[in-house]
Amino acid sequence: FLIAGNINSLGILVAILNILIFLVAFVFVCLVFPIAVSLYIRRLHDLGYPGWWTLLALVPGVNIAFGLYLLFAPGKAEPNAYGEAVKSHEVLSVLGLKSPRS
């Protein structure tokens with residue numbers, strides 16, 4: 001049997017849980033979004049394109065093809081306007097355990 005007092009306390013518990021989930025998700029998005037944008041821009045510079053192309057990731061449908069292109073396109077072997085060519089094919093540099101420029 002449910003008593004009216006239990007329903008109210010259950011509702012408050014659910015509301016607090018929803019607020020906590022929202023706050024955790026908000027913090028996660030605030031931390032992950034700048035990192036993702038930075039990685040997109042670095043990869044575009046590796047390919048010789050300007051960072052503004054990152055905006056393509058916001059277009060539904062195009063973002064999937066764009067992400068796959070960034071994932072599988074080989075980087076330029078010669079230096080470009082954004083710096084020297086990067087040797088990013090090494091496992092340690094891909095994992096971030098070694099600088100790709102060394």
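The values are calculated or read from the model by the stated rules, or taken from the named source; none is laboratory data. What you see is a predicted model, and the numbers here were worked out from it, not measured in a lab. Note that each Cβ is placed from the backbone with ideal geometry, even for glycine, and that neighbours are counted across all protein chains shown. Side chains included, ligands, DNA and RNA excluded: accessible areas come from the protein's heavy atoms. Shrake-Rupley method; radii C 1.70, N 1.55, O 1.52, S 1.80 Å.
Just a few scattered comments:
- Local electrostatic count, Tyr49, Cβ distance below 13 Å [Lys/Arg +1, Asp/Glu -1]: +2
- Solvent-accessible area of Tyr69, all protein chains in place: 90 Å² (probe radius 1.4 Å, heavy atoms, ligands and nucleic acids excluded).
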